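Reviewing the structure listed below.
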Amino acid sequence: MLTAQVARQASAGQWQLSEADTALARTTATRLQAFVGTAASQEALPGIERLEYLREALAVLAVGTAHTHGQLAWFLGRAAAVLAPVLQWRALEADQEHALGTVLPTLEEFTDAENAVRHLDAVLARTTAHGPATEAAPACLPPASKPRGLAGAAVPAPDRGAQ
């Protein structure tokens, strides 16, 4: 529903992004692509890696939200809120006493979250396709070509396959 609302606003000329916001939206879309590959490539990964990439995608949305205001911030913030259940997932077995309220996601939940990230990426890319030229990404974000983990370590991007 969130992405449909943005699509309606864009077609009605109500999705107004500044040059900086357009650049940030494009950068965010690129970074989302780095963490969630094709359905086939994601499904081939162990659950712990799928969860890691989903958390990284969520971090991309949070960082994007922190660097803007207005419509784009509201969109990125809501998108992060929709993906927030990922933060309650775990990939390792644990007894309830030590699990700290986390749950093991089903394969369907993994797939739904990954599809949501792909959809967000597509909407951000599509709604900024005709905007101003891309500006340099904010200095605090790592280069999109080399995704970084939250601790700063290099994170290998999933096999993107043919997209």
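Annotations
- The set of residues from segment 78-94 being of a type outside the set (S, T, N, Q) and open to solvent by 80 Å² or more (accessible area, probe 1.4 Å) comprises 78, 82, 87, 92, 93.
- For segment 1-34, taking the residues that are among the hydroxyl-bearing types (Ser, Thr, Tyr) and part of a helix (DSSP H, G or I), the one that is farthest from residue 70 (Cα to Cα) is identified as 30.
- Residue match in segment 35-46 (condition: part of a helix (DSSP H, G or I) and either touching a strand residue (DSSP E or B) at 6+ places or on another chain (Cβ under 8 Å) or farther than 18 Å from residue 117 by Cβ (or both)): no
- Among the residues making up segment 71-96, those that are among the small types (Gly, Ala, Ser) and outside any loop (DSSP other than H, G, I, E, B) are 73, 77, 79, 80, 81, 84.
- Of all residues in segment 97-122, those that are in a loop (DSSP other than H, G, I, E, B), at pLDDT below 95 and within 19 Å of the chain's Cα centre (by Cα) total 0.
- Residue in segment 128-151 that is under 24 Å from residue 27 (Cβ atoms), part of a helix (DSSP H, G or I), of a type in the set (Val, Ile, Thr) and at pLDDT 50 or above present: no
- Residue within segment 2-20 that is in contact with a Lys or Arg (Cβ under 6 Å, 6 or more places away or on another chain) and open to solvent by 30 Å² or more (accessible area, probe 1.4 Å) present: yes
- With respect to the stated conditions, residue 23 fails to be open to solvent by 40 Å² or more (accessible area, probe 1.4 Å) and either at positive phi or of a type in the set (Gly, Ala, Ser) (or both).
- Some residue of segment 109-121 being loosely packed, with under 14 Cβ neighbours inside 10 Å and under 17 Å from residue 16 (Cα atoms): no
- Search result, residues across segment 34-50 that are aliphatic (A, V, I, L, M) and within 18 Å of residue 91 (Cα to Cα): 36, 44, 45, 48
- Residue pairs meeting the criteria (Cβ under 9 Å; at least 6 apart or on separate chains; first hydroxyl-bearing (Ser, Thr, Tyr), in segment 58-76; second open to solvent by 50 Å² or more (accessible area, probe 1.4 Å) and assigned to a helix (DSSP H, G or I)): 65/74; 68/20
- Under the condition of being of a type in the set (A, V, I, L, M) and either surrounded by fewer than 17 Cβ atoms within 10 Å (Cβ to Cβ) or modelled with pLDDT under 95 (or both), the residues counted in segment 46-62 number 3.
The values are calculated or read from the model by the stated rules, or taken from the named source; none is laboratory data. What you see is a predicted model; the values in this text were computed from it and never measured. FYI the Cβ positions are ideal-geometry reconstructions off the backbone, even for glycines, and counts take in every protein chain you see. Ligands, DNA and RNA are excluded from the accessible area calculation, which covers all protein heavy atoms including side chains. Shrake-Rupley method; radii C 1.70, N 1.55, O 1.52, S 1.80 Å.
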